[in-house]
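The values are calculated or read from the model by the stated rules, or taken from the named source; none is laboratory data. Fair warning: this is a prediction, and the values are worked out from it, not measured in the lab. Cβ atoms come from the backbone with ideal geometry, glycine included; neighbour counts cover every protein chain shown. Note: areas computed on protein heavy atoms with side chains; ligands, DNA, RNA excluded. Shrake-Rupley method; radii C 1.70, N 1.55, O 1.52, S 1.80 Å.
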Amino acid sequence: MKRRNLGWLVLGSLLSSSAWAKDMPLNMTQGVTDVSQSVYDLHMLVMWICTVIGIVVFGAMFWSMIFHRKSKGAKAATFHESTKVEILWTAIPILILIGMAWPATTTLINMEDNANSDITIQVTGSQWKWHYKYFDQGIEFYSVLATPSSQFDNRDGIKEDKWSNPNYLLEVDKPLVIPVNRKVRFLITSDDVIHSWWVPAFAVKQDANPGFINEAWTKVNEAGIYRGQCAELCGKDHGYMPVVVDVRSEADYELWLNEQKIAKTKAAEAEAQSLTATMSMDELMSLGENIYTAHCAACHQATGQGLPPAFPALKGSPLATNADQLDEHINVVFHGRSGTGMQGYGKQLTLKELAAVITYERNAWGNNTGQAVQAADVNATAAGAAGATAQPAVEISESAPTDATPAAAAEVDMGDLSMDELMAKGEQVYGTACAACHQASGAGMPPAFPALKGSPVALGDVNVHIDMVANGKPGTAMMGFAAQLSPQEMAAVITYERNAWGNNTGDTVQASNVAK
Amino acid sequence: MDKDNAKPVDEQVKKGVTKLVVTVFAMFAFGFALVPLYDVFCDITGLNGKTATTAATVNADGIDTSRIIKVQFISRTAQGAAWQFTPEMNSIEVHPGEMKFVKFYAKNESGRDGVAQAVPSVSPGLAASYFQKIECFCFNQQPLKSTEDVWMPLQFYVDIDLPEEINELTLSYTLYDITDSAKS
Amino acid sequence: MTTATDTLDHHDDDHHDHKMTGIKRWLYTTNHKDIGTLYLWFSFIMLLTGGAMAMVIRAELFQPGLQIVEPDFFNQMTTVHGLIMVFGAIMPAFTGLANWMLPMMIGAPDMALPRLNNWSFWILPFAFSILLASLFMESGGPNFGWTFYAPLSTTYSNGSTAFFVFAVHIMGISSIMGAINIVVTIMNLRAPGMTYMKMPLFVWTFFITAYLLIAVMPVLAGTVTMVLTDTYFGTSFFNAAGGGDPVMFQHIFWFFGHPEVYIMILPAFGIVSTIIPAFARKQLFGYSSMVYATSSIAFLSFIVWAHHMFTTGMPLAGELFFMYCTMLIAVPTGVKVFNWVATMWQGSMTFETPMLFSVAFVILFTIGGFSGLMLAMTPVDFQYHDTYFVVAHFHYVLVTGSLFSIYAGAYYWLPKWTGHMYSEKLGKWHFWCSIISVNLLFFPMHFLGLAGMPRRIPDYALQFADFNKWVSIGGFAFGLSQLIFLVLVIKCIKGGEKAPAKPWDGAEGLEWEVPSPAPYHTFSTPPEIK
């Protein structure tokens, strides 16, 4: 709140900032969708109507101010009423308004037509980042401001390096990627307060209301990168919550989807490995500090002193210093704390990162607990609930686009097998595809990797079980195996899961059941 | 209300003040009355995709097999709710009037006994009043002991009068951990 | 804006009640002129306080990056700036004008409820002390915007909500008491022969405004009460977890909020409709149509609230309804503007400071009206909403609209209040400095909004840098210009050319029939209206 040399600031920027600043468009963007174009046209129409009315009215006013002034010897007239005139200037505006309302209505009806979309993406706002989830693709990620705080925090001296960053405050670590020429439907909601998802180039601005979903859609005509911002005051860092949409050609979009799926598998593998790895205190502290700076310092401050009372201090706090509150500490970081600004980071960070940042919080700023928290500790205490953690799928082929399934399935053996055959084949498939996580014993590695032995899925409705194996489990890293396994293999493994380890349902599942 | 009026000014003023004070209190009450009125308003206009909070009666209008409506399910856990919460399927196709049964899986992984409440929202909002729930876990609070899990039922049909232009519905549930407020 | 000495000189002439001196006089006063003076001074102090916060905002936005304040404090500044300007500057200033002028204009000896009048003023300083004190508390002041949308103001608030709610309650009670007083005064204390359609338009607009206040301030009280119980007592009006709905907050808030906008502009219409005829030396054109237009604006204000919420996800039918109703408001508003122009037409005009501010009001308020019409169009509003275009719009309406009309009124009646003519030279300085700087301040905001700058952000992308710099310079200049007014008023109170009973030769109305300065008690025997 203090400024040390305001004088220099004022003088310096008066003289020089014009040379730095980018050109700003003076009018509303025409955008890259049909809707944004018609919105622009409407805007121009109304603006010109207003301009013309303004010229007429102000013209009359200035005329009388210039020619009907006392100093020019003007004598005041005495008229002060005319019903005719009053009716006239009531009727004419009504006609003009009808002329404006007509195109506005057509545009609006078009904007609100969310039906028949090709892709559905769930957009969730939270303080202060966006989360995107692609329906039926199993892809989801957070999108966070990428501009480093060192560029905008001028409190210890004006930072000039921002001027060489063309996308200052309008860049994110992972943009939303959508294909060109496809109708994309957005389901918009929020985890905490109200946000508003806005991309000017699409003319889409829709509030994200906690607990409720809103719909919007766009169909972009030109590939490119489009930037917007959160438009509804959502707390402290409302100004640091950009929206970036990367619109790609359909082929590039498919490529990107595949990359995401591979990256997801890799991440899951790394996650599984981290469970068995033990990191040294130094490693934990240095990784922890990085994570803390990126995700925690905005509220809890780099000094750990927070911004009480909304954002409590971690330095010296019982949660971060009492040995017996370690579990609670892990839980709060993982799941967040309802009714406060503290969100859950379980979905945003890996187990390793979580372990590191918790270790950091328990050892930095004189919180010298000496406790090192490992990924496995985090997993044991908290993971699984959010289901976000690892599912190290083995042998997932690199090209696993979801739409490859029907063609491949048509050629494979669809014949029925006996229970014994199914069990034998199932055990084999289970060993290669499932046991890494769910364990050969079916006991899993709870809570991250649920047990199948005695699980409601394996004992319940067969169709649910098939759906889960084939399509994965939404909201978790459980991958769909439809693309990797043949229907017969899936049938076998499902049969196996329903009958091994005392899951004696007696169900046999055939390839034909699965193919449905 | 001129001076030659029968009543003295003081009495007139008193009467006026009384009326206005009554108006003030009435408007204060109206502010609160807006809460139930808002629900009525939502019900009529489909604002915000609020769905009915009580069970609908069983469909008696028959099934329109000529139309197929895709119903998508979204399940979300609110911030701080350490519960697992997923539908058994991502989406389902139904004919208007056809009864469907879908289960949602919930597991309390918060490490303590808790109570959760699911809050539904339907999009497009206009369709909310056509989405008829015979039975829904969202009507009630769901208590679960630590690590306990449950399959929660949803039985619904889409009203046969669903407007023609709607062929896709999204049903979102947000699960809130209301353990603390349920206690008090 | 009179002082103790001024009025003491005169009071002995006509009355012999026991008038107290010093601070007690002001604490216990039930005289409408004293209370009017208190209101006007209070609102000017609040204008400077809220203005100082605007200076903090503009200093932070002078260049990109975070330099002067934390983002959270920035939010507190925008919030408290809005609250102070709306509830502390504009509304009390209008109440002050009403207190001073209404009884004189209708030939009444005082307001109908003098003691209530004293109360409704004296609770105001407490309300704003609470609000301002919260800024210095550990939790910080309210940081959720003056519109305090739930759940940012409830579940996610910083602990200032209780102070905020309490302060708003007191402001609301003050406004309601003031409004009741205005209504019963106008209804019962008019001089014999003054029928409703003979009342000055100034009186009419305050009459209608008072009704609006009585109708919607209790709704605001209800809203903040719900916010309070949601925050501290576990209710779930706006909390989805408990079956509430955050969007409902916005509906209830704007049900108050939109009429509130007209509460701040209808009296301005009344002031300008008084001043323009005086300096055009010509009767107001279309008096009765002005009354009808004011009434229909007041009525329409109740059915357009959701145009503030087009992006919240309303169904199509709702969006269309609120769009059409909002566009309809342009009709009566247009009638008013046309009437003012017709009043000037073929007049015999002079341009003293009150007239300058009134003319500026007509032009700049109309510009604000135009951008309002643009905002009414739902599809385009998706692009304008929550950007600087909106900020430009409501500042054109509230600063160059409401505030300028208050200045016009202050200059117009200063001779009546103080008994001295103000310095026309300083007045012109004040006007020209204000008009240039205010446009430098607010006009570029239209472009910022169209280019995509959201409101309520402490830092912005680089393409907005140039415009923000100029806006800030305009802001500082406008802030400084208001000090000229302070100097002018103090000089005017202290001395200056003696003002005649009717210093403006085109002025009409009962207030000009009493000497200047107005005696402490006027119209103890009601005048006869022919």
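Check whether at least one residue in the stretch C:214-222 is in a helix (DSSP H, G or I) and over 20 Å from B:Phe28 (Cα atoms), and report yes or no.
So the first thing to find is which residues in the stretch C:214-222 are in a helix (DSSP H, G or I), and the list is C:214-222.
Okay, now just the ones that are also over 20 Å from B:Phe28 (Cα atoms), so none.
The answer is no, given that none of the residues of the stretch C:214-222 is in a helix (DSSP H, G or I) and over 20 Å from B:Phe28 (Cα atoms).
Taking the stated definitions as given, is A:Thr33 in contact with a helix residue (DSSP H, G or I) (Cβ under 7 Å, 6 or more places away or on another chain), more than 7 Å from every other protein chain (Cβ to nearest Cβ) and surrounded by 12 or more Cβ atoms within 10 Å (Cβ to Cβ)?
Values: in contact with a helix residue (DSSP H, G or I) (Cβ under 7 Å, 6 or more places away or on another chain): yes; more than 7 Å from every other protein chain (Cβ to nearest Cβ): yes; surrounded by 12 or more Cβ atoms within 10 Å (Cβ to Cβ): yes.
So A:Thr33 passes the test.
Can you find a residue in the stretch B:87-110 that is at pLDDT below 80 and within 26 Å of A:Thr124 (Cα to Cα)? Spell out how you get there, then give the answer.
Taking the stretch B:87-110 and keeping what is at pLDDT below 80, we get B:109-110.
Still in the running and within 26 Å of A:Thr124 (Cα to Cα): B:109-110.
Yes, the conditions are met somewhere in the stretch B:87-110.
Checking the conditions here, which among C:Thr147, C:Thr95, C:Thr155 is within 14 Å of chain A (Cβ to nearest Cβ), at negative phi and in contact with a Phe, Trp or Tyr (Cβ under 8 Å, 6 or more places away or on another chain)?
On the way: C:Thr95 fails: within 14 Å of chain A (Cβ to nearest Cβ); C:Thr155 fails: in contact with a Phe, Trp or Tyr (Cβ under 8 Å, 6 or more places away or on another chain).
Being within 14 Å of chain A (Cβ to nearest Cβ), at negative phi and in contact with a Phe, Trp or Tyr (Cβ under 8 Å, 6 or more places away or on another chain) holds for just one of C:Thr147, C:Thr95, C:Thr155, which is C:Thr147.
For residues in the stretch C:373-388 being open to solvent by 10 Å² or more (accessible area, probe 1.4 Å) and more than 7 Å from every other protein chain (Cβ to nearest Cβ), which is nearest to C:Thr312 (Cα to Cα)?
It comes out as C:Leu375.
If A:Pro309 passes every condition in (1) under 20 Å from the mean Cα position of the chain (by Cα); (2) outside any helix (DSSP H, G or I); (3) surrounded by fewer than 19 Cβ atoms within 10 Å (Cβ to Cβ) but one, which one does it miss?
Unmet condition: (1).
Looking for something within 8 Å of chain B (Cβ to nearest Cβ), out of contact with any Phe, Trp or Tyr (no Cβ under 6 Å at 6 or more places or on another chain) and in a helix (DSSP H, G or I) - is there at least one such residue anywhere in the stretch C:231-242?
Yes, the conditions are met somewhere in the stretch C:231-242.
Being open to solvent by 30 Å² or more (accessible area, probe 1.4 Å), aliphatic (A, V, I, L, M) and not in a helix (DSSP H, G or I): is that true of A:Met285 here?
Details: open to solvent by 30 Å² or more (accessible area, probe 1.4 Å): yes; aliphatic (A, V, I, L, M): yes; not in a helix (DSSP H, G or I): no.
The answer is no for A:Met285.
Can you pull out the residues in the stretch A:231-252 that are more than 7 Å from chain C (Cβ to nearest Cβ) and open to solvent by less than 10 Å² (accessible area, probe 1.4 Å)?
Scanning the stretch A:231-252 gives A:Met241, A:Pro242, A:Val243, A:Val244, A:Val245, A:Val247.
Looking only at the stretch C:195-222, filter to residues that are open to solvent by less than 10 Å² (accessible area, probe 1.4 Å) and at the interface with another protein chain (Cβ under 10 Å from one of its Cβ atoms); which one of those is farthest from C:Ser288 (Cα to Cα)?
C:Gly222
One line per residue, one yes/no per condition, for (1) in contact with a Leu (Cβ under 8 Å, 6 or more places away or on another chain); (2) among the small types (Gly, Ala, Ser); (3) more than 18 Å from C:Ile457 (Cα to Cα); (4) open to solvent by less than 40 Å² (accessible area, probe 1.4 Å):
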position: A:Pro148; (1), (2), (3), (4): no, no, no, no
position: A:Asn154; (1), (2), (3), (4): yes, no, no, yes
position: A:Leu176; (1), (2), (3), (4): no, no, yes, yes
position: A:Leu187; (1), (2), (3), (4): no, no, yes, yes
position: A:Asp191; (1), (2), (3), (4): no, no, yes, no
position: A:Tyr226; (1), (2), (3), (4): no, no, yes, yes
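Pull up the stretch C:223-279, narrow it to residues that are among the β-branched types (Val, Ile, Thr) and open to solvent by 10 Å² or more (accessible area, probe 1.4 Å), then point me to the one that is farthest from C:His169 (Cα to Cα).
The first filter runs over the stretch C:223-279 and keeps only residues among the β-branched types (Val, Ile, Thr), leaving C:223-225, C:227, C:229, C:231, C:235, C:247, C:252, C:261, C:263, C:265, C:271-272, C:274-276.
Cutting the leftovers down to open to solvent by 10 Å² or more (accessible area, probe 1.4 Å) gives us C:225, C:229, C:231, C:235, C:261, C:274.
Numbers: C:Thr225: 9, C:Thr229: 14, C:Thr231: 16, C:Thr235: 19, C:Val261: 18, C:Thr274: 33 Å.
Among those that are among the β-branched types (Val, Ile, Thr) and open to solvent by 10 Å² or more (accessible area, probe 1.4 Å), it is C:Thr274.
With the checklist (1) within 14 Å of another protein chain (Cβ to nearest Cβ); (2) surrounded by fewer than 24 Cβ atoms within 10 Å (Cβ to Cβ) in hand, flag the one item A:Phe334 doesn't pass.
A:Phe334 satisfies all of (1) within 14 Å of another protein chain (Cβ to nearest Cβ); (2) surrounded by fewer than 24 Cβ atoms within 10 Å (Cβ to Cβ) except (2).
Which of the residues belonging to the stretch B:103-133 are within 28 Å of A:Glu112 (Cβ to Cβ) and open to solvent by less than 30 Å² (accessible area, probe 1.4 Å)?
So in the stretch B:103-133, the residues within 28 Å of A:Glu112 (Cβ to Cβ) come out as B:118-133.
Passing the criteria: B:Ala118, B:Val119, B:Pro120, B:Ser121, B:Val122, B:Ser123, B:Gly125, B:Ala127, B:Ala128, B:Phe131, B:Lys133.
Report, by residue number, each residue of the stretch C:149-176 that is open to solvent by less than 10 Å² (accessible area, probe 1.4 Å), farther than 24 Å from C:Thr209 by Cα and among the aliphatic types (A, V, I, L, M).
Of everything in the stretch C:149-176, just one residue is open to solvent by less than 10 Å² (accessible area, probe 1.4 Å), farther than 24 Å from C:Thr209 by Cα and among the aliphatic types (A, V, I, L, M), namely C:Ala150.
Taking into account only those residues within the stretch A:100-125 that are crowded, with 19+ Cβ neighbours inside 10 Å and β-branched (Val, Ile, Thr), which is farthest from A:Val144 (Cα to Cα)?
A:Thr107
Yes or no, residue by residue, for (1) open to solvent by 20 Å² or more (accessible area, probe 1.4 Å); (2) of a type in the set (Gly, Ala, Ser); (3) touching a Lys or Arg at 6+ places or on another chain (Cβ under 6 Å); (4) over 24 Å from C:Asp110 (Cβ atoms):
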site	(1), (2), (3), (4)
C:Asn468	no, no, no, yes
C:Val487	yes, no, no, yes
C:Pro500	yes, no, no, yes
C:Glu513	yes, no, no, no
C:Ala518	no, yes, yes, no
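Is there a residue being of a type in the set (S, T, N, Q), open to solvent by 20 Å² or more (accessible area, probe 1.4 Å), out of contact with any Leu (no Cβ under 7 Å at 6 or more places or on another chain) and not in a strand (DSSP E or B) anywhere in the stretch B:154-171? Steps first, answer last, please.
Step one: list which residues in the stretch B:154-171 are of a type in the set (S, T, N, Q), which gives B:155, B:167, B:170.
Filter again for open to solvent by 20 Å² or more (accessible area, probe 1.4 Å), leaving B:155, B:167.
Filter once more, so that each one left must be out of contact with any Leu (no Cβ under 7 Å at 6 or more places or on another chain): B:155, B:167.
Add one more test, that the residue is not in a strand (DSSP E or B), and what stays is B:167.
Within the stretch B:154-171 (the criterion being of a type in the set (S, T, N, Q), open to solvent by 20 Å² or more (accessible area, probe 1.4 Å), out of contact with any Leu (no Cβ under 7 Å at 6 or more places or on another chain) and not in a strand (DSSP E or B)), the answer is yes, since at least one residue qualifies.
I'd like to know if the stretch C:485-499 contains one or more residues that are in a helix (DSSP H, G or I), hydrophobic (A, V, I, L, M, F, W, C) and either within 14 Å of another protein chain (Cβ to nearest Cβ) or touching a Pro at 6+ places or on another chain (Cβ under 7 Å) (or both). Don't jump to the end; show me each part of the working.
We begin by selecting, within the stretch C:485-499, every residue in a helix (DSSP H, G or I); these are C:485-494.
Next, only the ones that are hydrophobic (A, V, I, L, M, F, W, C) stay: C:485-490, C:492-493.
So of that shortlist, the ones also either within 14 Å of another protein chain (Cβ to nearest Cβ) or touching a Pro at 6+ places or on another chain (Cβ under 7 Å) (or both) come out as none.
So far as the stretch C:485-499 goes, no, none of its residues is in a helix (DSSP H, G or I), hydrophobic (A, V, I, L, M, F, W, C) and either within 14 Å of another protein chain (Cβ to nearest Cβ) or touching a Pro at 6+ places or on another chain (Cβ under 7 Å) (or both).
I want to confirm something. Restricting to the stretch A:86-99 and keeping residues that are more than 7 Å from every other protein chain (Cβ to nearest Cβ) and open to solvent by less than 50 Å² (accessible area, probe 1.4 Å), which single residue is farthest from C:Val380 (Cα to Cα)?
From the stretch A:86-99, those more than 7 Å from every other protein chain (Cβ to nearest Cβ) are A:87-88, A:91-92, A:95-96, A:98-99; that's our starting set.
When the remaining residues are screened for being open to solvent by less than 50 Å² (accessible area, probe 1.4 Å), the result is A:91, A:99.
Working: A:Ala91: 25, A:Gly99: 15 Å.
Here the answer is A:Ala91.
In this structure, is A:Glu271 touching a residue at least 40 places away in the same chain (Cβ under 8 Å), touching a Ser or Thr at 6+ places or on another chain (Cβ under 9 Å) and open to solvent by less than 40 Å² (accessible area, probe 1.4 Å)? Working first, answer last.
On the way: touching a residue at least 40 places away in the same chain (Cβ under 8 Å): yes; touching a Ser or Thr at 6+ places or on another chain (Cβ under 9 Å): yes; open to solvent by less than 40 Å² (accessible area, probe 1.4 Å): yes.
The answer is yes for A:Glu271.
For the stretch A:233-272, enumerate the residues that are charged (D, E, K, R) and under 24 Å from C:Gln250 (Cα atoms). First the steps, then the outcome.
As a first pass, look at the stretch A:233-272 and keep what is charged (D, E, K, R): A:236-237, A:246, A:248, A:250, A:252, A:254, A:259, A:261, A:264, A:266, A:269, A:271.
If the condition is that a residue be charged (D, E, K, R) and under 24 Å from C:Gln250 (Cα atoms), then A:Lys236, A:Asp237 are the ones that fit.
Going by the structure shown, is A:Pro175 over 15 Å from the mean Cα position of the chain (by Cα), at pLDDT 90 or above and farther than 20 Å from B:Thr77 by Cα?
On the way: over 15 Å from the mean Cα position of the chain (by Cα): no; at pLDDT 90 or above: yes; farther than 20 Å from B:Thr77 by Cα: yes.
Considered against the rule, which asks whether it is over 15 Å from the mean Cα position of the chain (by Cα), at pLDDT 90 or above and farther than 20 Å from B:Thr77 by Cα, A:Pro175 comes out as no.
Whether any residue in the stretch A:137-152 is aromatic (Phe, Trp, Tyr) and in contact with an Asp or Glu (Cβ under 6 Å, 6 or more places away or on another chain) is what I want to check. Give the steps one after another, and end with the answer.
As a first pass, look at the stretch A:137-152 and keep what is aromatic (Phe, Trp, Tyr): A:141-142, A:152.
Checking which are in contact with an Asp or Glu (Cβ under 6 Å, 6 or more places away or on another chain) leaves us with A:152.
For the stretch A:137-152, residues aromatic (Phe, Trp, Tyr) and in contact with an Asp or Glu (Cβ under 6 Å, 6 or more places away or on another chain): present.
Select from the stretch A:30-79 the residues that are out of contact with any Phe, Trp or Tyr (no Cβ under 9 Å at 6 or more places or on another chain), part of a loop (DSSP other than H, G, I, E, B) and not aliphatic (A, V, I, L, M) and list them in ascending order.
Correct list: A:Gly73, A:Lys75, A:Thr78.
From the list C:His308, C:His393, which residue is open to solvent by 10 Å² or more (accessible area, probe 1.4 Å), more than 11 Å from every other protein chain (Cβ to nearest Cβ), within 19 Å of C:Ile263 (Cα to Cα) and modelled with pLDDT of 95 or more?
Values: C:His308 fails: modelled with pLDDT of 95 or more.
When all the criteria are applied, what remains is C:His393.
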